[in-house]
Amino acid sequence: MARGEDATSSTLQTVKPQKDISVKEKKQKPQLSVCNKLCFAFGGAPYQITGCALGFFLQIFLLEVAQLDPLNASIILFAGRAWDGITDPTVGFLVSHSRWTRVGRMMPWILCSTPFAVLTYFLIWYVPPFEEGKVLWFLVFYCLFQSMQTCFHVPYSALTMFISTKQEERDSATAYRMTVELLGILLGTAIQGQIVGSVSTCPVDDDNDDYKNSTIPPTVNRTITSLEESKKAHMISSGVICIIYILCSVILFLGVKEQKECVQGESKPLTFRQGLKLVVSHGPYVKLVSAFVCTTLGFLLVEGNFSIFLTYALGQRKDFQNILLVIMLSGTLTIPWWQWFLTRFGKKTAAFCSNLWAIPVIILIVSVKSNLAFLYVVSVAAGVSVGASYFLPWSMLPDVLDDFKVTNPNVHGHEAVFYSFYVFFTKFASGLSLGISTLCLKFAGYVTGNCLQPESVSTTLKVLVSAFPIALIIVGLLILRMYPIDETRRQSNSKVLQARLQSESETQELGSIA
């Protein structure tokens with residue numbers, strides 16, 4: 001009997017170290033390689049490439065190429081963004097209610113939405129051969145694309161919480177993602193700007209004194225290329241972007257695997273009202289989203305009017321696409337610096353500094369008197385804030401979700417709801433701003449198809465890209481002061497969640513051994 005007990009004891013002693021070693025190896029092994037992080041980052045490029053092209057160029061496309069009335073253009077821009085905002089929480093709830101499949105919960109949404117998003121995006125930039133119903137054409141396909149893009153981007157954003165259980169790895173992957181997204185913005189600006197910028201329906205020297213003092217009335221549109229060539233250029237650029245969209249989706253699917261161990265449990269499905277109550281009841285989330293909605297809205301207001309502002313207020317028609325490239329290149333190159341800055345000084349401090357830096361830059365851009373060299377210098381400085389505006393919100397949202405998990409340990413599986421409501425608030429506000437700004441151009445006397453616009457249009461554009469954005473940024477900074485998650489609280493939350501995850505993992509392993 002003693003020998004049997006000794007044998008059993010020996011066997012248990014042999015098994016136990018093997019278990020300890022396996023648990024230790026599991027803790028030490030990184031869940032994300034550099035290749036995984038890069039593949040994850042490529043998934044963010046489609047949203048930014050298409051968003052950049054639409055943000056910078058759709059307004060001027062509708063006004064000058066499709067030749068819509070400013071009122072109709074404002075209806076399309078507002079209705080499209082508003083519809084996009086409505087679909088975000090809807091998709092967020094549907095995603096959170098989705099079952100876990102062989103390829104994960106988020107990935108099926110991303111894969112299925114890609115072909116429809118590509119098709120509808122291409123049709124946005126196609127000018128139909130009929131006049132009656134042209135407004136409806138752009139409105140329908142703009143709304144359809146926004147819906148398909150939402151089905152891609154909301155699951156992709158929530159995927160951040162499912163690629164790793166470690167906060168450090170998620171932060172690192174987010175930094176990779178933001179770098180690639182800014183490269184995507186740079187690429188979208190280059191493709192759309194350079195292809196479309198190579199053709200123009202107005203003389204390249206329409207900003208010189210001879211043209212302005214010409215006896216030909218401003219209502220006469222003197223073109224150097226046909227309108228058909230401009231339409232063709234927009235279709236070519238959109239086709240190239242569609243190909244990139246598909247490639248990035250394939251890379252994301254092949255290189256990223258959702259970690260099921262990130263799911264700590266499942267709560268019962270929520271209604272829209274319950275989901276809204278869930279997100280607005282968490283103070284840090286409300287403060288962070290409110291702050292970033294204001295600051296992001298300020299940047300989007302500049303983005304939406306920037307091309308037409310450079311064309312008519314600063315007289316840089318032939319150089320506006322190059323100025324946009326400089327801004328995006330500067331923003332892309334500063335992402336690694338911002339990642340170091342937030343690691344050294346904290347994310348909240350980084351958000352403060354980046355937004356404060358934008359205010360004098362915006363003032364300089366509006367104040368410059370068509371000095372192209374100085375405008376390029378200011379554009380480099382502007383890129384510093386632009387890079388942070390894309391990077392920091394997505395870097396700080398996971399911290400809020402971690403804080404929510406710590407304070408609500410029995411509520412699980414609603415990450416997509418938090419992300420979708422953030423995107424909803426941002427898009428709805430930006431749609432309202434774009435619609436109002438285009439409507440302002442209507443009241444300022446903007447004339448569709450003209451190469452020269454009244455002085456009131458120039459004044460209106462200066463207000464739209466300076467006074468309004470600065471006011472929004474200041475309001476956002478005041479709200480951000482009340483954001484409670486500093487570095488101490490963030491690290492404390494990370495330790496609590498890691499300990500909780502480790503405890504659950506050990507409990508599951510002991511249960512499997514038993």
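The values are calculated or read from the model by the stated rules, or taken from the named source; none is laboratory data. As the structure is a computational prediction, the values presented were derived from the model and not from experiment. Heads up, the Cβs are rebuilt from the backbone with ideal geometry, glycines too, and the neighbour counts pull from every protein chain shown. These accessible areas exclude ligands, DNA and RNA; they are computed on the full protein's heavy atoms, side chains included. Shrake-Rupley method; radii C 1.70, N 1.55, O 1.52, S 1.80 Å.
A few notes on this one:
- Condition met for Phe116 (of a type in the set (Phe, Trp, Tyr) and either buried (at least 23 other Cβ atoms within 10 Å of the Cβ) or touching a Gly at 6+ places or on another chain (Cβ under 8 Å) (or both)): no
- Of all the criteria given as (1) surrounded by fewer than 24 Cβ atoms within 10 Å (Cβ to Cβ); (2) of a type in the set (A, V, I, L, M, F, W, C); (3) in contact with a Ser or Thr (Cβ under 7 Å, 6 or more places away or on another chain), the one not satisfied by Phe57 is (1).
- Filtering segment 169-183 to residues that are of a type in the set (Asp, Glu) and crowded, with 24+ Cβ neighbours inside 10 Å leaves only Glu181.
- Tallying residues that are under 21 Å from the mean Cα position of the chain (by Cα) and open to solvent by 70 Å² or more (accessible area, probe 1.4 Å) within segment 341-364 yields 2.
- Yes/no for Glu228 being outside the structural domain of Thr311 (by the TED database) and either at pLDDT 80 or above or of a type outside the set (Asp, Glu) (or both): yes
- Hits in segment 279-304 (condition: open to solvent by 30 Å² or more (accessible area, probe 1.4 Å) and modelled with pLDDT under 80): Val280, Leu300
- Residue identified as open to solvent by 10 Å² or more (accessible area, probe 1.4 Å) and under 26 Å from Ile436 (Cβ atoms) among Ser307, Ser367: Ser367
- Residue in segment 145-155 that is in contact (Cβ under 8 Å) with a residue 40 or more places away in the chain, open to solvent by 30 Å² or more (accessible area, probe 1.4 Å) and assigned by the TED database to the domain that holds Ser249 present: no
- Every condition in (1) out of contact with any Asp or Glu (no Cβ under 9 Å at 6 or more places or on another chain); (2) in contact (Cβ under 8 Å) with a residue 40 or more places away in the chain; (3) over 23 Å from Leu301 (Cβ atoms); (4) of a type in the set (Ser, Thr, Tyr) is met by Thr120 except one, and the failing one is (2).
- Taking every residue in segment 455-470 that is within 13 Å of Leu439 (Cα to Cα) and pairing it with any residue that is assigned to a helix (DSSP H, G or I) and of a type in the set (S, T, N, Q), at least 6 positions away or on another chain, the pairs with Cβ-Cβ distances below 7 Å are Leu461/Asn305; Leu464/Asn305; Leu464/Ser437.
- Candidate set from segment 71-105 (those that are at pLDDT 85 or above and open to solvent by less than 40 Å² (accessible area, probe 1.4 Å)); member that is nearest to His153 (Cα to Cα): Ile76
- Tabulated pairs, segment 485-514, first assigned by the TED database to the domain that holds Ser395, second among the aliphatic types (A, V, I, L, M) and at pLDDT 75 or above, C-beta under 7 angstrom, 6+ apart or interchain: Ile485/Val400; Asn493/Val406; Val496/Val406; Leu497/Val406
- Of residues in segment 123-142 being of a type in the set (A, V, I, L, M) and free of Cβ contacts under 8 Å to residues at least 40 places away in the same chain, the one most open to solvent (accessible area, probe 1.4 Å): Leu136
- Unmet criterion (only one of (1) within 19 Å of the chain's Cα centre (by Cα); (2) surrounded by fewer than 24 Cβ atoms within 10 Å (Cβ to Cβ)) for Lys166: (1)
- Thr219 among the β-branched types (Val, Ile, Thr) and either outside any loop (DSSP other than H, G, I, E, B) or modelled with pLDDT of 55 or more (or both): no
- Pairs meeting the criteria (first residue in segment 304-323 and closer than 27 Å to Gly80 by Cα, second residue part of a loop (DSSP other than H, G, I, E, B), beta carbons under 6 Å, at least 6 apart or on different chains) are Asn305/Val465; Phe309/Val465; Leu310/Gln316; Thr311/Arg317; Tyr312/Gln453.
- Residue list for segment 184-195, filter: in contact with a Ser or Thr (Cβ under 8 Å, 6 or more places away or on another chain) and either aromatic (Phe, Trp, Tyr) or surrounded by fewer than 22 Cβ atoms within 10 Å (Cβ to Cβ) (or both): Ile191, Ile195
- Of all residues in segment 361-382, none are farther than 29 Å from Ile195 by Cβ, at pLDDT 85 or above and aromatic (Phe, Trp, Tyr).
- Matching residues in segment 172-189 - criterion: being touching a helix residue (DSSP H, G or I) at 6+ places or on another chain (Cβ under 6 Å), over 16 Å from Leu252 (Cβ atoms) and of a type in the set (Gly, Ala, Ser): Ala175, Gly188
- For Tyr156, the stated conditions do not hold, so it cannot be described as assigned to a helix (DSSP H, G or I), of a type in the set (Phe, Trp, Tyr) and over 27 Å from Gly239 (Cβ atoms).
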